[in-house]
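Presented below is the structure to which this report refers.
The values are calculated or read from the model by the stated rules, or taken from the named source; none is laboratory data. Bear in mind that the values here come from a model prediction, so they are computed numbers and not experimental data. Note that we place each Cβ from the backbone using ideal geometry, even for glycine, and neighbour counts take in every protein chain shown. Each accessible area value is taken on the protein alone, full model and side chains, heavy atoms only, with ligands, DNA and RNA left out. Shrake-Rupley method; radii C 1.70, N 1.55, O 1.52, S 1.80 Å.
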Amino acid sequence: MKTRTLAAALAATLACAAVPASAQVSRDPATVKAGTYKVEPYHTQVAFSLSHFGLTEYSGFFSGASGTLTLDPGKPAADKLDVTIPVDSVLTTVPKLTGELKGDKWFDAAKYPTAEFVSTKVTLAGKASAIINGTLTLHGVTKPVSLKAHLVGAGLNPIDKAYTVGFSASGTIKRSQFGISAYVPYIGDDVRLTIAGAFELKP
């Protein structure tokens, strides 16, 4: 039985290897298809990190995002992004801390169940990079936020055949500005965001 299972796993691996990912994916922004995309939630994550008593950098992440991206490589100034993330999806390596972050001393997920980023301006910052200015609504507070985004790649997903475009993005916010100020300054106020965004072209 174990031999058959191993053989099946090996066959699946070889089948995937037979599809050269590099031949399917373009990193040239000019080749990206224009249109309206939806967030692909399974491969979209928002990681965060902040100082823990000045001794270490502590990290966690959010998942389960939804939203849309309107994209036109020929008219980047018209691009629009609207992404919503369930706050209850927060996850760390410590279950007790994860529960505390959902509570009213931190994110208060019961009262403020979602965080939303809405772009207001997209400006090219190189061939495959852009600055995305927008507003972030978190913990009931809306503040301007700027993200540096970079195209990772675009092409057909070899599994579901959906045309997909992926970006990486980063930015920094001050959590106290959003009313999340527990233990500042001992636990850092500056929160660094690292975002992996996957978007599927709508039919």
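Annotations
- In the range 147-167, the residues that are part of a strand (DSSP E or B) and open to solvent by 20 Å² or more (accessible area, probe 1.4 Å): K148, H150, V152, L156, Y163, T164, F167
- When residues in the range 168-203 are screened for being within 24 Å of G64 (Cβ to Cβ), in a strand (DSSP E or B) and either touching a residue at least 40 places away in the same chain (Cβ under 8 Å) or among the hydrophobic types (A, V, I, L, M, F, W, C) (or both), 13 of them pass.
- Here the range 12-45 is the region considered, the condition is being of a type in the set (S, T, N, Q) and not in a strand (DSSP E or B), and the residue that is modelled with the lowest pLDDT is T13.
- Within the range 149-191, tally of residues that are more than 21 Å from T123 (Cα to Cα) and of a type outside the set (V, I, T): 22
- Only listed residue being within 18 Å of the chain's Cα centre (by Cα) and either closer than 21 Å to P73 by Cβ or of a type in the set (S, T, N, Q) (or both), chosen from L151, L156, L138, L193: L151
- The number of residues in the range 44-53 that are out of contact with any Gly (no Cβ under 8 Å at 6 or more places or on another chain) and surrounded by fewer than 17 Cβ atoms within 10 Å (Cβ to Cβ) comes to 1.
- Hey, T142 part of a strand (DSSP E or B) and free of Cβ contacts under 8 Å to residues at least 12 places away in the same chain or not: yes
- Some residue of the range 173-186 being surrounded by 19 or more Cβ atoms within 10 Å (Cβ to Cβ), small (G, A, S), within 20 Å of F62 (Cβ to Cβ) and in contact with a His (Cβ under 9 Å, 6 or more places away or on another chain): no
- Residue match in the range 101-112 (condition: free of Cβ contacts under 8 Å to residues at least 60 places away in the same chain, in contact with a strand residue (DSSP E or B) (Cβ under 7 Å, 6 or more places away or on another chain) and open to solvent by 30 Å² or more (accessible area, probe 1.4 Å)): no
- Residue that is touching a residue at least 12 places away in the same chain (Cβ under 8 Å) and of a type in the set (V, I, T), where the choices are I159, I131: I131
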